[in-house]
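Heads up: the structure comes next, in structure tokens.
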Amino acid sequence: MFIPLKYLTGLSTRKKTQRRREITRRAKMSYKNPAAYRPFATDKGTQRKPSSYTSRFHSKYPGVTGLPAVSKATGVPLSVLEKVYNRGLAAWRTGHRPGASQHAWGMARVYSFVLHGKTWRTADADLARRNSSH
């Protein structure tokens, strides 16, 4: 299973091995299993850094937080942003950068989508096509 190096950055060799095992195990779990959404043991004590999309979004739209406000500021329908956010929450379980919370992962995906970042062209392209006016 391919695991991006970003998901292992800043961890000791022992923690990297443990994290690889956690990611592989979670990928095999059912998405309905609540245990798949618990924080990783290797997330404890790691430094947190905001996503570049989060930083770019907040500099472009200062003071805008929460899905309804993002929808109002950008003109993207709330229903579309909720789908993007939920996909981000689900994607978090199969691997994320050390220290990233599930909520932060989902919101970063929303910010990427609204700024026409990578998720606009790849994982959420179906939603982008339906919402191509923005």
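The values are calculated or read from the model by the stated rules, or taken from the named source; none is laboratory data. Quick caveat, the model's predicted, so the values are computed rather than measured. Heads up, the Cβs are rebuilt from the backbone with ideal geometry, glycines too, and the neighbour counts pull from every protein chain shown.
The table below lists the values:
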item: Test: residue 39 is free of Cβ contacts under 8 Å to residues at least 12 places away in the same chain, out of contact with any Cys (no Cβ under 7 Å at 6 or more places or on another chain) and more than 16 Å from residue 112 (Cβ to Cβ); result: no
item: Residue in the range 39-62 that is at positive phi, among the small types (Gly, Ala, Ser), modelled with pLDDT of 95 or more and within 16 Å of the chain's Cα centre (by Cα) present; result: no
item: Enumerated helices (runs of 4 or more DSSP H) restricted to the range 28-134, each holding at least 1 residues that are touching a helix residue (DSSP H, G or I) at 6+ places or on another chain (Cβ under 6 Å) and among the aromatic types (Phe, Trp, Tyr); result: 52-60, 78-92, 102-114, 118-121
item: Residue 25 in a helix (DSSP H, G or I) and out of contact with any helix residue (DSSP H, G or I) (no Cβ under 8 Å at 6 or more places or on another chain); result: yes
item: Criterion: touching an Asp or Glu at 6+ places or on another chain (Cβ under 7 Å), touching a residue at least 12 places away in the same chain (Cβ under 8 Å) and within 15 Å of residue 109 (Cβ to Cβ) - qualifying residue of 67, 89; result: 67
